[in-house]
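Let me begin by presenting the structure, written as structure tokens, before commenting on it.
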Amino acid sequence: MINKKNLKLGTERSAIRELFEYGKKQKELLGADKVFDFSLGNPSTPAPKEIDETITDIIKNESSVLTHGYTSAAGLFETRKAIAGSITNRFGVKASPEEIYITCGAAAALCTVFGALTKDSDTEFIAIAPYFPEYKVFAEGQGAKFKVVPAETKDFQIDFEALGRLINENTAGIIINSPNNPSGTIYSKETLEELSSILSAKEKEFGHAIYIIADEPYRELVYNNKSVPYIPSIYNNTVVCYSYSKALSLPGERIGYVYVPSFLENSAELFAAVAGAGRAMGYVCAPSLMQKVIAKCLDLPPNLEDYKINREILYNGLSELGYECASPDGAFYLFVKAPNGDGNKFSEMAKLKNLLIVPGESFGCKEFVRISYCVDTETVKGALPLFKELIEEC
Ligand code: PLP
């Protein structure tokens, strides 16, 4: 009587988790300093001190019953108001609390949006490679089909011809993740404008909205003063899935939101369907203490210093050794071309040296590997000689 699909998902670990668990065992066996684990995207910088101070303040001074109690399904009004105010101030898009549904991170945000937009088993969502592997699990989990636009490996923008061929009458949404996991790329304004005009034409052709699902957990992790265009300002039919996991180093606290702007097509219905999908999956009332913290701390700047140092050492070091990688403008990943042209084999070779890097196949790019540089700087420095040995062996 067990659901076969879920049994498979629960027993087969993702390639990322597999490596991470292997790394933990190797660290116990050999000592933590002998293992160079670049597998997981777990922030390595602490949350800003204001977060802990705010938690302490709430615990000391506010009603314990209310702090730990249920909130409305969509979240505390004060938090939704603070989020809407921040969107309005930062991006010049007039947002209101009624357009915000608070979730357990971006994962729950994405699942509720996929759930809201999946009309039947013909419904399709499109991701652009390289993409976060869980999108497939989330979309298929809602009963939809998942399609992928092959990567434009020159600059990791979008292969529009390939995208155009994939869009059809069943396309409900395109997932856009910028800055991108795993490439670190920011989609340029020009890319997003072209995407917008293609989608508008396809909406006319097929007679229904095709939404952009903007997955934005890395929005605040940006280097060299680059800016990340706000997609709802470019394309009206955009739903935003946001998370505080990476920006404020709070991944274990499970807090984020869905923003369904009132100016998009069927906005009220879509918001209600997001709430309905949340209800059906039990994604109601995100952690209430964290909702209170976010109401007060949502605009704190991220702590980028360690990532900047790691990014520079790794990008420059690998480039000097002859590796090819996309210049990472954001997030905390490097997506590197395997010197032997095969990400799986290269990751296996690295594993023999206790250097743990994720094969690009999981992200839709077989020839690449992903290096998460949200680790301590000693790990980055210690890994460079191993990368030198590896490229010499290829
Ligand atoms: N989207 C992307 C691109 C991610 O990399 C992640 C987590 O690594 C998520 C969504 C899920 O984030 P959260 O921790 O907020 O659920």
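The values are calculated or read from the model by the stated rules, or taken from the named source; none is laboratory data. Because the structure is predicted, anything quoted here is derived from the model rather than measured. Cβ atoms come from the backbone with ideal geometry, glycine included; neighbour counts cover every protein chain shown. Accessible surface is based on the protein model in full, side chains and every heavy atom, while ligands, DNA and RNA are left aside. Shrake-Rupley method; radii C 1.70, N 1.55, O 1.52, S 1.80 Å.
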Q: Kindly indicate which of 288, 319 is modelled with pLDDT of 95 or more and surrounded by fewer than 16 Cβ atoms within 10 Å (Cβ to Cβ).
A: 319
**Q.** Unique match (being in contact with a Phe, Trp or Tyr (Cβ under 9 Å, 6 or more places away or on another chain), open to solvent by less than 10 Å² (accessible area, probe 1.4 Å) and at pLDDT 95 or above) among 168, 180
**A.** 180
Q. Residue 55: open to solvent by 90 Å² or more (accessible area, probe 1.4 Å) and not charged (D, E, K, R), yes or no?
A. no
Q: Using the structure shown, decide if residue 192 is assigned by TED's automatic domain parsing to the domain that holds residue 233 and either among the basic types (Lys, Arg) or in contact with a strand residue (DSSP E or B) (Cβ under 6 Å, 6 or more places away or on another chain) (or both).
A: no
Q: For the range 369-394, enumerate the residues that are open to solvent by less than 10 Å² (accessible area, probe 1.4 Å) and in contact with a strand residue (DSSP E or B) (Cβ under 6 Å, 6 or more places away or on another chain).
A: 369, 370, 371, 372, 383
Q: Note down all Cβ pairs under 8 Å where the first residue falls in the range 255-278 and is in the same structural domain as residue 97 (by TED's automatic domain parsing), the second is surrounded by fewer than 19 Cβ atoms within 10 Å (Cβ to Cβ) and in a helix (DSSP H, G or I), and they're at least six residues apart or on different chains.
A: 260/267; 261/267; 262/98; 262/268; 271/98
Q: For residue 211, state whether it is touching a strand residue (DSSP E or B) at 6+ places or on another chain (Cβ under 8 Å) and more than 16 Å from the ligand (Cβ to nearest atom).
A: yes
Q: Those residues that are in a strand (DSSP E or B) and out of contact with any Leu (no Cβ under 8 Å at 6 or more places or on another chain), I need them from the range 239-285; list them, please.
A: 240, 242, 243, 256, 257, 258, 259
Q: Determine which member of the set 152, 161 is out of contact with any helix residue (DSSP H, G or I) (no Cβ under 9 Å at 6 or more places or on another chain) and either open to solvent by 40 Å² or more (accessible area, probe 1.4 Å) or among the hydrophobic types (A, V, I, L, M, F, W, C) (or both).
A: 161
